[in-house]
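The values are calculated or read from the model by the stated rules, or taken from the named source; none is laboratory data. Here the structure is a predicted model, which is why all the values come from computation and not from measurement.
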Amino acid sequence: MLQSKLFNDVQAFYTELQIALLTAQHHIHMAYYAFDDGHVARRVGHILAQESCQRRGRSPDGR
């Protein structure tokens with residue numbers, strides 16, 4: 001299953017990346033988007049999270 005997750009803590013990202021790489025069974029697909037903190041970055045992050053959730057049929061808060 002293709003999953004996406006928005007991180008704002010680089011250490012949490014690195015931890016989850018290592019776990020995902022070590023537990024991958026078939027394929028590894030990776031895409032990264034990095035933004036400096038600020039109004040535009042937060043807006044872009046919000047849009048990415050919202051669109052990802054809508055495409056998976058979930059709300060941005062995980063429901």
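Select from the stretch 3-17 the residues that are assigned to a loop (DSSP other than H, G, I, E, B) and within 14 Å of residue 31 (Cα to Cα) and write down the one among them that is farthest from the chain's Cα centre (by Cα).
Filtering the stretch 3-17 for residues assigned to a loop (DSSP other than H, G, I, E, B) gives 3-9.
If we keep only those that are within 14 Å of residue 31 (Cα to Cα) as well, we get 3-7.
On the way: 3: 8, 4: 4, 5: 2, 6: 3, 7: 6 Å.
Among them, the one singled out is 3.
Taking the stated definitions as given, is residue 62 at pLDDT below 85, more than 14 Å from the chain's Cα centre (by Cα) and at positive phi? Before you say what the answer is, go through the steps one by one.
Values: at pLDDT below 85: yes; more than 14 Å from the chain's Cα centre (by Cα): no; at positive phi: yes.
Here the answer is no, as residue 62 does not meet what is asked.
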